[in-house]
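The values are calculated or read from the model by the stated rules, or taken from the named source; none is laboratory data. Keep in mind that this is a model prediction, so the values were computed, not measured. Here the Cβ positions follow ideal geometry from the backbone for every residue, glycine too, while neighbour counts run over all protein chains shown. What goes into the accessible areas is simple: the full protein's heavy atoms, side chains included, and nothing from ligands, DNA or RNA. Shrake-Rupley method; radii C 1.70, N 1.55, O 1.52, S 1.80 Å.
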Protein chains: 2
Amino acid sequence: MTRRSTSVTIRDVARNAGVSVATVSRYINRNAPVSDAVAARLDAVMGDLKYAPHAAARSLAMRRTQTIGLLLLNMHRDFFAPLISGVEAIVSQKGYNLLVATSRPSMRKNVQPPIGAHNTDGLLVFADSLDDEQIYRLYQKKFPVVLIHRTAPKNAPVPSVTVENKAATRKSIDHLIEVHGRRRILFMRGPAHQEDSYWREVGYLASLEDHGIPFEDTLMLSGEFESEIAYANLKKFIETGATPFDAVFTGDDDAAIGVLEALKDTGKRVPEDVAVIGFDDLRLTSFLNPPLTTVRAPTDEVGRTAAAQLFRIIDKQVPESTILLPTEIILRRSCGCQS
Amino acid sequence: MTRRSTSVTIRDVARNAGVSVATVSRYINRNAPVSDAVAARLDAVMGDLKYAPHAAARSLAMRRTQTIGLLLLNMHRDFFAPLISGVEAIVSQKGYNLLVATSRPSMRKNVQPPIGAHNTDGLLVFADSLDDEQIYRLYQKKFPVVLIHRTAPKNAPVPSVTVENKAATRKSIDHLIEVHGRRRILFMRGPAHQEDSYWREVGYLASLEDHGIPFEDTLMLSGEFESEIAYANLKKFIETGATPFDAVFTGDDDAAIGVLEALKDTGKRVPEDVAVIGFDDLRLTSFLNPPLTTVRAPTDEVGRTAAAQLFRIIDKQVPESTILLPTEIILRRSCGCQS
DNA sequence: CCGTTTACTGTAACCGGTTACATTATGTCA
DNA sequence: TGACATAATGTAACCGGTTACAGTAAACGG
């Protein structure tokens, strides 16, 4: 009679209902028929015992955690709210739980990531929250992984979901050149080695080339997808007697915010003196002053799509190898439209 | 030799290192001395077997999941990014995992919440993502719970962490009246039964009373802490030949955005015709047009504090019963300051 | 030199579920 | 009516860890 744990187990339910644990388990999981009489008794017993199955025990027995993991770089940016939201929607709809963790590159020294094969059934990996090596290891184990905003390493062809970066950026630069007659367009690049950042840069260069505008490396500044950094770098650029410029493509909306501030603080009018275009279409950018022309990235949908792909793998279906969600330029005042 | 699972277990490690499973377990958990020779051998073996302990098995044996749960209402609002971020920081620092789930009141019909005693060691409950009844049940079981932006039911005195709502709102209204001479102040209330919403309303009424301004119920509109709803309701209010008003306290920044738009679309100038004050200080509000006067709520810190309190309970220390984090008015242009 | 710690290790019984296999009762069909 | 499928249930062996208990060898104290 010495009960070690205070929690009520499946054996308690079985005893009180006068059946075996196997029957209880079957009824709970609805995977084998149970007589109506027994079913009713079980409902009653489970009701007053307030029985809740122990997740760890179930995971252990079934070799399935019923949990998927989302690995992020950090969660400070507003960008992650819609991403998590999209992922969570699909995950909960599938009856799974969502484990969220961050993995900054700095802490990745030989330490195994906080989530992985040992505690989830699949992993959503944002950008470089894991390095190629770690992704390869998961791939080797055939562990379900979907990459977000990052393409797969050559030796580990796992599915990925990202957004169209290059074409949208190119069209944005085209727009600045063709519609607004800008030719000295500053590009604020994102973090090095970040793929979004890379492809946006490629799009920028492609557009310049299309229009026969020579690339000037003084017109490329680091914005790091962060408003403070973008602000500081642009301000310094302007104050230290800068190369003239008549437009800025900021690489992302966060940086765009810093850019708008820096321009305001240095007395430049947007869009008259300098046209500005961002990327992401964060929820509040239409209310900025002036409203920000930007590229809409369907971040919520990225989250949903990635989660859906992951479940395809888990359910032994064939996932798409790469999904590139379309982006769309949202013309507002900061580029000179709607003035 | 018929291995059922392909995964490498502690027994594999034990066999390859020529020791017992108990020794391996002790070495992994560093909870009993192990000879240097054995330690070295284990490091080597675990290295090439790429052994990773199975979380579920460990949880089952230790009766501890090493996971805490965060229960939210929904994650669409930018408000949740800093909250999750703050929680995650503390949780990961403690070596725990974070399970995130949403529980909309509509889905709460007799269904047990997705996270709870069965799969976490403690729960952070945001606002009314659980009802009094459910909180009481957890309290009865002595299950660690900390409430966020919500106070405890009388029969379940669990700790809570929230922000100062009433005083800050009162000071905001005082400011509108005393500094800017406004007397017809519209109040956009939040969701019914939401505590933040309730206390902000109380603060509003208190300030009116202090200044001998009679409350008019036509000056109270529903904003629901959502920009679209606030926009629609205010616009309708104005267009249907409204009671005149010279200021709006919007209850939250999301609603404030809708309010600013509605005012712009109906040709009212902010702050000349109508002063506006929000609540939360979302990251982008200083860049709105005009920059939004608002009350800064330290949401990231709320997350960190709540997580820290939860760990106090888990670690058998005594938590604070209620923590009310201070808020602060941030004066910008929308109320008439800094013009 | 002997009794007593102390350091290290092993055996096996848990933790709370699932499920392969066996068993019984009932219904179906030739 | 006998052979056989089917429904409903039970027994017990897992899943992969932890840890109580026990044992051995070396160190220590008097």
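What to note about this one:
- The stretch A:14-65: number of residues that are of a type in the set (A, V, I, L, M, F, W, C) and within 14 Å of chain B (Cβ to nearest Cβ): 10
Residue-by-condition table, conditions (1) touching an Asp or Glu at 6+ places or on another chain (Cβ under 7 Å); (2) more than 21 Å from B:ALA307 (Cα to Cα):
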| site | (1), (2) |
| --- | --- |
| B:ASP43 | no, yes |
| B:PRO53 | no, yes |
| B:PRO82 | yes, no |
| B:TYR96 | no, no |
| B:LEU99 | no, no |
| B:GLY116 | no, no |
| B:LEU123 | no, no |
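- Criterion (under 22 Å from B:GLY69 (Cα atoms), within 14 Å of DNA strand C (Cβ to nearest atom), open to solvent by 40 Å² or more (accessible area, probe 1.4 Å) and basic (Lys, Arg)) met by exactly one of A:ARG77, A:ARG11, A:ARG64: A:ARG64
- Scanning the stretch B:262-289 for residues that are free of Cβ contacts under 8 Å to residues at least 60 places away in the same chain, touching a Leu at 6+ places or on another chain (Cβ under 9 Å) and open to solvent by 10 Å² or more (accessible area, probe 1.4 Å) turns up B:THR266, B:ARG269, B:ASP273, B:ASP281, B:SER286, B:PHE287, B:ASN289.
- Flag for A:SER35 being among the polar types (S, T, N, Q) and more than 8 Å from DNA strand C (Cβ to nearest atom): yes
- Residue in the stretch A:287-294 that is within 22 Å of A:LEU147 (Cα to Cα) and in a strand (DSSP E or B) present: no
- Among the conditions (1) in contact with a strand residue (DSSP E or B) (Cβ under 9 Å, 6 or more places away or on another chain); (2) modelled with pLDDT of 95 or more; (3) more than 19 Å from B:GLU195 (Cβ to Cβ), B:LEU124 misses just one, which is (3).
- Leading residue by the ranking (modelled with the lowest pLDDT) among those in the stretch A:34-75 that are out of contact with any helix residue (DSSP H, G or I) (no Cβ under 6 Å at 6 or more places or on another chain) and of a type in the set (D, E, K, R): A:ASP48
- Within the stretch A:32-51, residues that are open to solvent by less than 90 Å² (accessible area, probe 1.4 Å) have Cβ atoms under 6 Å from residues that are not in a helix (DSSP H, G or I) in these pairs: A:VAL38/A:VAL19; A:LEU49/A:VAL8; A:TYR51/A:VAL8, counting only partners at least 6 apart in sequence or on another chain.
- The condition (being of a type in the set (Gly, Ala, Ser) and farther than 30 Å from A:GLY336 by Cα) is satisfied by just one residue among A:ALA206, A:ALA152: A:ALA152.
- Those strands (runs of 3 or more DSSP E) lying entirely in the stretch B:147-266 with at least 1 residues among the aromatic types (Phe, Trp, Tyr): B:185-189, B:247-249
- Among the residues making up the stretch B:223-242, a single one is closer than 24 Å to B:ILE177 by Cβ and open to solvent by 40 Å² or more (accessible area, probe 1.4 Å): B:ASN233.
- Helices (runs of 4 or more DSSP H) lying entirely in the stretch A:10-110 (those with 3 or more residues that are away from DNA strand D (no atom under 12 Å from the Cβ)): A:36-49, A:80-93
- Residue check for B:PRO82: within 28 Å of B:GLN66 (Cβ to Cβ), modelled with pLDDT of 95 or more and open to solvent by 40 Å² or more (accessible area, probe 1.4 Å): no
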